[in-house]
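Please read the structure below before turning to the comments.
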Amino acid sequence: PALGYTSITPKGTDSPVVTFTFKDGAATRERVKRAGVIVTLRTGAEGNQMRVSPSIYNNLAVIDKLIHALV
């Protein structure tokens, strides 16, 4: 949250999918695209949301790429 990405995924959920809200849709889209990280971004008048769904196909290096793209 301190970086502008607030989780809206319910606490205690068993799902690996997490969703965040954020302010600057265009900038966030460009950062994750440039990093080569695939996430689901929804941007618009209702607000911006990013869904991250790590899986067995991801490793810590991919998670680190996402984090560095968002910082």
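The values are calculated or read from the model by the stated rules, or taken from the named source; none is laboratory data. Note that the coordinates shown come from a computational prediction; the quantities given were computed from them, not determined experimentally. Reconstructed Cβ throughout: ideal geometry from the backbone, glycine too, with neighbour counts over all protein chains shown. Note: accessible area is taken over every heavy atom of the protein model, side chains too, but ligands, DNA and RNA are not part of it. Shrake-Rupley method; radii C 1.70, N 1.55, O 1.52, S 1.80 Å.
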* Being at pLDDT 90 or above, closer than 18 Å to T19 by Cβ and either open to solvent by 50 Å² or more (accessible area, probe 1.4 Å) or of a type in the set (S, T, N, Q) (or both) is the filter here, so list the residues in region 39-61 that pass it. => T40, R42, N48, Q49, R51, S53
* Determine the pairs where a residue that is farther than 22 Å from I56 by Cβ, located within region 7-35, has a partner that is part of a helix (DSSP H, G or I) with Cβ atoms under 6 Å apart, the partner being 6 or more residues away or on another chain. => F22/T28; R31/A69
